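The values are calculated or read from the model by the stated rules, or taken from the named source; none is laboratory data. Here the structure is a predicted model, which is why all the values come from computation and not from measurement. No Cβ is skipped: glycine too gets one built from the backbone with ideal geometry, and neighbour counts run over all protein chains shown. With ligands, DNA and RNA removed, areas are computed over all heavy atoms of the protein, side chains included. Shrake-Rupley method; radii C 1.70, N 1.55, O 1.52, S 1.80 Å.
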Amino acid sequence: METIKEFVKIKSEQKKVKIEEQKNIDALYLHIPFCEKKCEYCDFCTFINMSREYEKYTKALIKELKMYPEYEYDTVYFGGGTPSLLPVEMTAEIMSNIRYKENSEITLELNPNDMTAEKLKELRKTGINRLSIGIQSFQNHVLKFIGRLHSGEDAVRVFRDARKAGFENISIDLMFGIPNQSFEDLKKDLENILLLSPDNISIYSLIWEEGTVFWSKLKKGILSEMDQDLEAEMYEEIIDFLKKNGYSHYEISNFSKKGRGGIHNLKYWRNKEFIGVGLSAATYFNGKRYSNVRTFNKYYKSLEENILPVDEKSVEIIDETEKEKLKNMLGLRLTEEGIKYFQNEKVESLLERGLLERFDSGKRMRLTRKGILLANEVFVEFI
């Protein structure tokens with residue numbers, strides 16, 4: 001068996017692999033770890049006040065990308081952090097080094113506070129054709145509480161400017177389950193969403209991640225978690241409201257207009273292999289899952305030595321048994337598509353408890369409404 005060192009080293013013959021001989025990998029994730037401010041609930045690999053690193057990091061990202069075989073990507077996703085903080089010319093430089101198919105879905109995450117109408121027009125020219133806007137809420141007191149820099153008015157302005165700039169596919173993020181958020185706040189957010197009519201909506205309940213400011217405040221008793229029943233009621237309100245207004249609830253945390261679901265993330269949920277580049281970026285490649293290192297020094301040093309900047313402790317070999325487990329767990333997140341039905345004691349128990357249901361003449365199964373609300377109880381049975 002090859003050692004981790006042998007695996008992460010780039011062999012010269014890898015460069016000679018022909019496109020038609022390569023595996024069917026067509027999804028690329030690029031992590032841009034820069035932010036203006038660290039949100040108090042966030043545990044992502046991000047850094048503030050680092051504009052001095054933009055150019056060096058861009059070049060390093062491109063070098064890492066070229067260490068992999070030259071795939072032709074069907075989806076490209078700039079995540080972060082705040083990818084829109086990069087100067088447009090650097091985004092364009094990255095794009096010029098990516099081989100992608102015509103009509104590919106190319107997404108860039110952005111925050112409303114660092115975006116102008118002119119920059120949106122310039123971004124559209126680089127080939128970016130889908131935006132994911134981190135709105136989180138339209139209520140200013142909620143935004144202030146979670147440490148966001150934009151206002152509800154900024155969110156509306158940027159969304160409308162994006163449409164004018166030619167972005168026909170826009171996703172927005174919405175948070176719920178925030179300690180000082182009322183049910184009325186949520187209803188107002190949903191009404192605002194309806195007015196803007198985004199193509200996709202990604203919803204997130206507040207997760208108390210260890211190491212964040214919110215986690216520290218929770219442990220000190222400064223903050224307390226929202227009542228679980230109220231949080232569940234909020235989730236059900238989101239589901240009912242969006243479905244009533246024409247959105248498909250195609251994944252536990254995602255809703256879309258017909259045919260507008262996020263193609264890139266669908267590949268994750270269908271357990272397809274993908275390439276990830278940049279600090280902390282995750283990759284699923286050649287039957288291995290791994291993440292990159294999380295510091296600039298380690299990242300740059302590896303690339304200078306022509307070694308993939310993989311965190312060796314993160315490497316996981318995915319054998320056929322593990323692959324099947326992942327396929328089922330991830331696939332059950334797809335609330336309409338579900339997974340192929342198979343019979344065992346755990347599955348039959350979940351069916352009896354009303355957490356799973358069979359459909360498509362019994363050939364497939366998916367979460368019920370009750371199962372969606374208790375999804376973690378279902379997923380643990382597939383580990």
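Just a few scattered comments:
- Spatially proximal aspartates and glutamates relative to Lys38 (Cα-Cα < 15 Å; intrachain offsets below 8 disregarded): Asp114, Glu209, Glu210
- Positive-end extreme of charge dipole, the chain - chosen from Asn245, Leu110, Ile275 (charges on Cβ): Ile275
- Contour excess over end-to-end distance, with Cα ends at Glu345 and Arg157 and 0.36 nm allotted per residue: 62.4 nm
- Using the Karplus relation 6.51 cos²θ - 1.76 cosθ + 1.60 with θ = phi - 60°, the per-residue 3J(HN,Hα) values for region 203-219 come to 10, 9, 7, 5, 10, 8, 8, 4, x, 8, 4, 4, 4, 4, 5, 5, 5 Hz, with x marking Gly and Pro.
- Spacing of the two label points (7 Å from each Cα toward its C-beta) at Leu149 and Asn286, in nm: 4.0
- In this structure, the amide hydrogen of Ser132, modeled 1.01 Å from its nitrogen in the peptide plane, lies closer than 5 angstrom to those of Leu108, Glu109, Leu110, Ser171, counting only residues at least 5 positions away or on a different chain.
- Table column - 3J(HN,Hα) (Hz), region 270-287, Karplus curve with 6.51, -1.76, 1.60, x for Gly and Pro: 8, 6, 7, 6, 7, 9, x, 10, x, 3, 6, 4, 8, 9, 10, 9, 6, x
- Taking each of Lys121/Lys243; Lys267/Lys340; Lys267/Lys323; Lys59/Lys298; Lys63/Lys125; Lys327/Lys363 in turn, the alpha-carbon distance tops 20 angstrom for Lys121/Lys243; Lys63/Lys125.
- Of the GluC sites (Glu not before Pro) in region 213-274, the ones in a loop by DSSP (not H, G, I, E or B) with at most 15 other beta carbons within 10 Å are Glu225.
- Kirkwood-based Rg to Rh ratio, the chain, C-alpha trace: 0.96
- Shape analysis of region 176-315 places it in the oblate category; the axes a ≥ b ≥ c from the Cα gyration tensor give an a/c of at least 1.5, with a/b not above b/c.
- Computed [θ] at 222 nm, deg cm²/dmol, the chain (DSSP H ≥ 4; -39,500 (n - 2.57); rounded to nearest 500): -10500 deg cm²/dmol
- Computed 3J(HN,Hα) for region 54-67, one whole-Hz value per residue from the Karplus formula 6.51 cos²θ - 1.76 cosθ + 1.60 where θ = phi - 60°, is 3, 5, 4, 5, 4, 5, 5, 4, 5, 4, 4, 4, 6, 6, glycine and proline marked x.
- Distance between modelled label sites at Lys101 and Glu304, nm, 7 Å Cα→Cβ extension: 4.0
- Efficiency of FRET from Cβ geometry, Glu336 and Phe296, R₀ 56 Å, rounded to 0.05: 0.85
- Around the amide H of Met175, modelled in the peptide plane, lie the amide H atoms of Gln136, Ser137, Tyr204, all under 5 Å away and 5 or more residues distant in sequence or on another chain.
- Percent antiparallel among DSSP beta bridges (both partners in the chain, rounded to 5): 40
- Between the residues Ala60, Ile207, Leu350, the greatest Cα displacement towards the positive end of the dipole of the chain, with unit charges on the Cβ of Lys, Arg, Asp and Glu, is found for Ala60.
- Solvent-accessible surface ranking, highest first, for Tyr57, Tyr77 at 1.4 angstrom: Tyr77, Tyr57
- Cα centre as origin, Lys/Arg/Asp/Glu Cβ charges: region 22-269 dipole, Debye: 740
- Expressed as a whole percent, the accessible area of the chain that falls on carbon and sulfur atoms is 47 (1.4 Å probe).
- Region 229-374 - Rg and Dmax from Cα coordinates, angstrom: 19.0, 57
- Straightening the chain between Lys258 and Asp319 buys 18.4 nm, computed as 0.36 nm per residue apart minus the Cα-Cα spacing.
- Look at the dipole of region 22-269 built from charges on Cβ: of Phe176, Phe138, Gly262, the Cα furthest out on the positive end belongs to Gly262.
- The label-point distance for Leu230 and Leu326, in a model that sets each label 7 Å from Cα toward Cβ, rounds to 3.9 nm.
- Think of a 1.4 Å ball rolled over the protein heavy atoms: the chain then has 49 Å² of accessible area per residue.
- Under 5 Å, built H, 5+ apart or other chain: amide partners of Tyr73: Arg99, Tyr100, Lys101
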